[in-house]
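All remarks here apply to the structure that follows.
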Amino acid sequence: MTLHTTCPYCGVGCGVTVIDGIPRGDPNHPENYGRLCSKGAALKETLNLPDRLTQPMIHGEAASWDTALNTIAQAFTRIRNTQGPDAIAFYVSGQFLTEDYYVANKLMKGFIGSGNIDTNSRLCMASSVAGHQRAFGEDVVPGCYEDLEEADLVVQAGSNMAWCHPVLYQRLMLAREKRRTKIVTIDPRRTATAATADLHLPVASGTDVALFNGLLAYLSDAGAVDHSWIAAHVSGFDETLEEARRCAPSLETAAEKVGLPAGDLQGFYELFARTERVVTLYSQGVNQSACGTDKVNAILNCHLATGRIGRSGMGPFSVTGQPNAMGGREVGGLANQLAAHMAFMSEDIDRVRRFWKAPHMAVKPGLKAVDLFEAIGEGRVQAVWIAATNPADSMPRAHLVRDALARCPLVIVSDAWPTDTTALAHVVLPAAGWGEKSGTVTNSERRISRQRAFRSAPGEARPDWWMFTEVGRRMGFEKSFTYRSPADVFREHAALSAFENDGRRIFDIGALADLDDAAYDALLPLQWPWPRRGRGHGGPRLFSGGTFPTTDGRARMVPVAFSPKENDGGDSLTLNTGRTRDQWHTMTRTGRVPRLMIHMTGPRLVMHPSDAARRGIEDDGLAQIASPHGQAILRVSLDAMLRPSEVFVPMHWTNQFCSSGPIDRLVHGMTDPVSGQPDLKGTKVEAAAVTECWRGYLLRSSDGDPAPGETVFWSKRPIARGFAFDLSGWTLLAKLIPSEAALRRLLHAPEEADIISYSDPKKSVFRYAALVRGRLEACVFFASPRSAFPEAEQVSERLGQTLEPGARFSLLSGVDSGAAAPARIVCACFAVKEAAISHAIRSEKLTTTVQIGALLQAGTDCGSCIPELKKLLADIELPAVA
Ligand code: SF4
């Protein structure tokens with residue numbers, strides 16, 4: 001059987017073809033034409049992960065769906081009647097399908113009667129939403145992916161595309177080879193994306209407003225502003241330019257504010273001024289900021305001032321992190337939106353109320369994510385339903401979120417796997433996952449694609465739209481929640497988008513409101529708005545006619561003031577959090593796939609060598625970072641290309657994967673005043689060296705707590721035959737040597753297991769293994785930090801094998817494990833190892849990534865490893881031709 005669906009990870013929205021249950025890149029999908037990145041390529045390995053939630057649970061006891069849904073409906077009704085609708089809240093997810101989102105939003109805003117539904121997309125792109133609304137009058141992304149291929153200059157602001165939107169990045173790289181596209185990357189870190197740019201501007205974090213204000217002033221001085229276009233289509237130019245000049249009266253001032261040499265800035269400004277086809281692509285580095293909305297408008301101002309919008313190869317382009325953040329925006333999944341791109345204005349409120357026949361229409365915005373969890377902690381919200389997201393790890397000040405949920409009288413969590421959030425729930429509802437449920441998603445270029453079920457959900461797992469429908473019905477709203485299928489929901493969603501629209505709202509998919517079930521099943525990917533006679537907008541690009549969905553049809557340039565961060569006079573560092581190449585969110589799926597844990601086996605604190613040296617912190621050593629909200633001990637990677645005073649830690653690792661996660665515990669609660677988006681990249685932290693007394697690893701066929709004591713750093717990863725735990729500690733090794741009982745607990749060794757050991761106290765080497773009937777079940781190696789270890793990957797090959805006495809000795813002594821030498825995988829898509837690539841470069845005298853791809857396939861799918869392939873090519877010296 002062949003079926004077409006979409007990848008459930010990022011906002012690129014790649015098509016996936018499933019043939020006989022095996023997912024592959026869809027060669028006909030207009031986003032990826034068959035390509036998938038490392039995460040998408042590993043979808044098959046996520047289909048049968050263990051530990052699925054399969055049964056509703058109430059207070060840890062299995063319950064029927066009837067009991068669980070009645071419990072929720074009765075509690076919501078009681079709380080609504082006694083404490084008002086605002087005492088109830090939903091916190092949902094960009095992982096939702098549009099149909100899930102629509103029903104949850106309708107239930108909360110139309111029938112419970114509160115605006116208290118927010119989504120984890122608040123953490124992802126709320127600043128872009130607010131910036132679009134301020135400039136365009138509606139939250140719409142004006143461009144399309146083809147613009148990246150047709151641009152002559154692509155500016156990547158706060159976006160590590162190579163790792164976070166890999167397939168789109170590959171489209172850009174392919175186009176660049178033909179077109180010679182210039183690429184400028186603006187990022188405090190030299191990311192994999194920055195490494196391939198023509199110009200990397202490592203600005204001080206949080207200074208993008210000054211950078212783009214300086215650009216606007218420069219464009220004006222250089223005569224690159226399109227005054228006739230502005231006169232016809234834009235308001236606010238004079239005030240905006242005045243503010244830009246106040247911020248950046250000269251190029252030198254702008255350079256000083258962003259922390260760059262004036263020459264570098266001038267190079268960028270000149271390039272922008274003389275290039276007609278410019279796309280400015282941006283994502284979390286812009287959005288996740290205390291001034292994120294102003295950053296967005298500073299970018300939009302430059303495009304509006306030059307008329308570089310709505311035409312081929314040009315425009316501002318916000319790319320979303322999550323697969324259906326855009327769908328959530330369409331249905332009004334944010335607390336400050338109504339459905340179908342309508343707002344909390346009396347006319348819109350009344351329109352939605354009449355369409356839904358809503359008895360309790362919300363009349364004001366609800367609480368945004370950070371405020372929402374504060375309200376839960378303060379008891380203003382008495383019941384919360386969290387769906388398809390893990391705020392106990394992903395929210396700033398995550399420990400406060402955990403405290404708030406622990407105090408909340410009713411916490412409902414629907415999810416597919418157990419998380420740190422489900423652990424705090426009174427009611428857990430098992431959700432259908434990717435491949436098990438059907439609906440639609442909208443990607444970053446406004447393309448709606450189907451997700452289709454191709455397998456049964458396990459146990460009693462159900463789709464989220466069904467759960468919210470059933471609760472609505474049980475609250476007495478049967479007539480308004482009659483959906484039998486996602487197609488029913490989609491038709492209503494499409495009809496609402498067209499209801500009393502008359503072209504005022506660009507989001508109008510009313511033509512799909514009459515799809516029958518078969519047509520919905522067969523729906524091909526389509527991009528809204530499609531061209532329609534008499535409407536000012538249509539086709540893949542918006543605003544080509546210069547008409548905007550504002551009251552007067554003109555776009556607004558928005559004056560944005562730059563407020564430099566206060567210098568605390570100390571030696572603190574700025575904590576930047578973000579993604580890594582092969583992981584997704586809090587690792588509930590990707591962290592369980594061995595090959596996705598190879599690229600980065602554990603969380604790292606990335607620092608500049610000068611910051612580390614001042615603190616006595618060593619490369620690959622341990623360090624503690626601390627903010628007023630918490631502390632974490634992490635292993636360190638020094639990176640001379642990182643901007644001094646900045647540190648980076650990936651956001652993925654949670655308590656389930658390491659002793660110090662989640663890093664968002666340390667992040668402050670500051671938010672953008674307009675969008676409410678948390679400032680996830682600007683927390684001040686202190687750092688100090690931690691004396692590492694020993695290190696080692698534990699390999700075990702079973703999962704579970706690996707810590708042999710409190711004073712231990714550990715991180716976990718799945719391997720082919722079990723789990724590997726990296727360990728290190730800061731108490732004397734001699735104090736660590738475990739008793740036999742403790743050792744058995746650590747090794748999960750049953751009574752019948754033989755414990756074998758090898759120790760050399762003079763060299764501080766201690767090694768133990770547990771064998772059951774001769775089969776290796778677990779082993780743990782400790783030594784001083786500088787001691788040589790047998791490679792964990794090599795030893796792990798022995799797990800589950802029966803070891804003869806000679807092999808046991810070899811295993812513990814490290815003389816010869818008998819396993820193949822370890823090799824680092826560079827290309828996760830095709831599992832191509834560094835050794836094979838290096839060998840091919842030398843033996844075949846390869847000089848380009850294309851040649852490597854032709855020989856080994858490495859880099860030919862998602863292309864995320866191309867920067868590493870380039871580094872290998874640069875590092876390996878080929879012998880000169882005689
Ligand atoms: S780029 Fe990767 S994660 Fe994003 S949609 Fe495509 S395959 Fe999925």
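When its C-alpha radius of gyration is set against 2.2 N^0.38 Å (N residues), region 25-160 gives a value of 1.47. Across the chain, the relative contact order, built from alpha-carbon pairs under 8 Å that are at least six residues apart, equals 15 percent. In sequence order, region 63-75 has phi-based couplings of 9, 7, 4, 4, 5, 5, 5, 5, 4, 5, 4, 5, 5 Hz under the Karplus curve 6.51 cos²θ - 1.76 cosθ + 1.60, θ = phi - 60°, and Gly or Pro positions carry x. So what does log10 I(q)/I(0) come out to for region 427-547 at q = 0.14, 0.17 Å⁻¹, using the Debye formula with one equal point on every Cα and no solvent? With one equal scatterer per Cα and no solvent, log10 I(q)/I(0) is -0.72, -0.97.
3J(HN,Hα) along region 29-35, derived from phi through the Karplus expression 6.51 cos²θ - 1.76 cosθ + 1.60 where θ = phi - 60°, amounts to 6, x, 8, 10, 6, x, 6 Hz, with x in place of Gly and Pro.
If I stretch the segment between residue 199 and residue 478 completely, what's the gain in nm (0.36 nm per residue apart, minus their alpha carbon distance), one decimal? Could the numbers behind the result be given before it?
Working: separation 279, 0.36 × 279 = 100.44 nm, distance 5.89 nm.
Computed gain between residue 199 and residue 478 is 94.5 nm.
Give a quick list of trypsin sites (Lys or Arg not before Pro) in region 155-195 that DSSP marks as loop, anything other than H, G, I, E or B, with at most 12 other Cβ atoms within 10 Å. Sparse-neighbourhood loop trypsin sites (Lys or Arg not before Pro): 180. Here residue 342 sits with roughly 10 square angstrom of accessible surface, probe radius 1.4 Å.
Placing +1 on each Lys and Arg Cβ and -1 on each Asp and Glu Cβ, with no other charges, gives region 567-684 a dipole about its Cα centre of roughly 460 debye.
In Å, the Kirkwood hydrodynamic radius of the chain over pairs of distinct alpha carbons?
For the chain, inverting the mean 1/r across all distinct Cα pairs yields 28.5 Å.
Take every Cα pair under 8 Å in region 128-240 that's 6+ residues apart, average their separations, divide by the length, and report that relative contact order as a whole percent. Mind showing how you got there, number by number?
Details: 105 pairs, mean separation 19.3, N = 113.
Relative contact order here is 17 percent.
Sparse packing (at most 16 other Cβ atoms within 10 Å of the Cβ) combined with a DSSP loop state is found for the following GluC sites (Glu not before Pro) in region 665-746: 710.
The protection proxy used here, the mean number of other Cβ atoms lying within 10 Å of each residue, ranks peptides 850-858, 142-150 as follows, highest first: 142-150, 850-858. Considering only 666, 289, 82, the residue lying farthest towards the positive end of the dipole of the chain is 82, judged by Cα position with unit charges set on Cβ.
Normalised per residue, the accessible area of the chain is 35 Å², obtained with a 1.4 Å probe and no contribution from ligands, DNA or RNA. The value of relative contact order for region 433-537, using C-alpha pairs under 8 Å at least six residues apart, is 26 percent. Amide H contacts of residue 832 (H built 1.01 Å from N, in plane; Pro and chain starts excluded): 826, 827 sit under 5 Å, all sequence-distant by 5 or more or on other chains. Check residue 731: other-chain or 5+ apart residues with amide H under 5 Å from its amide H, H built from backbone geometry? Close amide H contacts, sequence-distant or interchain: 693.
With a 10 Å radius around each residue's Cβ, average the other Cβ atoms per peptide and rank 505-517, 293-305, highest first. List each step's numbers first, then the result.
On the way: 505-517: 17.8, 293-305: 28.5.
Peptide ranking by packing, descending: 293-305, 505-517.
Only helical DSSP H runs with n ≥ 4 go in: add -39500 (n - 2.57) per run for the chain, normalise by residue count and round the 222 nm mean residue ellipticity to 500 deg cm²/dmol.
On the way: 31 runs with 274 residues, N = 882.
The per-residue figure over the chain is -8500 deg cm²/dmol.
In a reduced charge model with +1 at each Lys and Arg Cβ and -1 at each Asp and Glu Cβ, region 1-154 shows a dipole moment near 640 debye about its Cα centre.
Given R₀ = 30 Å, what would the calculated FRET efficiency be for residue 407 paired with residue 354, taking r from the Cβ atoms and rounding to 0.05? List each step's numbers first, then the result.
Details: r = 39 Å, r/R0 = 1.29.
Once rounded, the FRET efficiency stands at 0.20.
Computed 3J(HN,Hα) for region 835-847, one whole-Hz value per residue from the Karplus formula 6.51 cos²θ - 1.76 cosθ + 1.60 where θ = phi - 60°, is 4, 5, 5, 4, 4, 5, 4, 6, 6, 9, 6, 7, 10, glycine and proline marked x. Put simply, region 244-374 fits an ellipsoid with semi-axes of 38, 18, 14 Å; these come from the alpha carbon gyration tensor as the roots of five times its eigenvalues, largest first.
Ligands, DNA and RNA aside, residue 629 has an accessible area near 60 Å² when probed at 1.4 Å.
Taking all protein chains together and rolling a 1.4 Å probe, residue 572 ends up with roughly 10 Å² accessible. With 26 Å as the limit, the listed pairs 44/870; 44/178; 684/871; 437/681; 716/833 have 44/870; 44/178; 684/871; 437/681 beyond it between alpha carbons.
Summarising the amide proton neighbourhood of residue 431: residues at separation of 5 or more, or on other chains, whose placed amide H is nearer than 5 Å comprise 415, 416, 462. Of the accessible area of the chain, computed with a 1.4 Å probe over protein heavy atoms only, carbon and sulfur atoms account for 51 percent. Going by accessible surface with a 1.4 Å probe and the largest first, 664, 86 read 86, 664. The Cα center of region 100-123 and the Cα center of region 144-178 differ in position by 34 Å.
Dipole of the chain, Cα-centred, from +1 at each Lys and Arg C-beta and -1 at each Asp and Glu C-beta, to the nearest 20 debye? Write out the running numbers ahead of the final one.
Working: 94 positive and 97 negative charges, 150 e Å.
In total the dipole reaches around 720 debye.
The orientation-averaged shadow of the Cα convex hull for region 535-668, equal to a quarter of the hull surface, comes to 13.5 nm².
The values are calculated or read from the model by the stated rules, or taken from the named source; none is laboratory data. This one's a predicted model, so the numbers in the text were calculated from it and none came from an experiment. No Cβ is skipped: glycine too gets one built from the backbone with ideal geometry, and neighbour counts run over all protein chains shown. These accessible areas exclude ligands, DNA and RNA; they are computed on the full protein's heavy atoms, side chains included. Shrake-Rupley method; radii C 1.70, N 1.55, O 1.52, S 1.80 Å.
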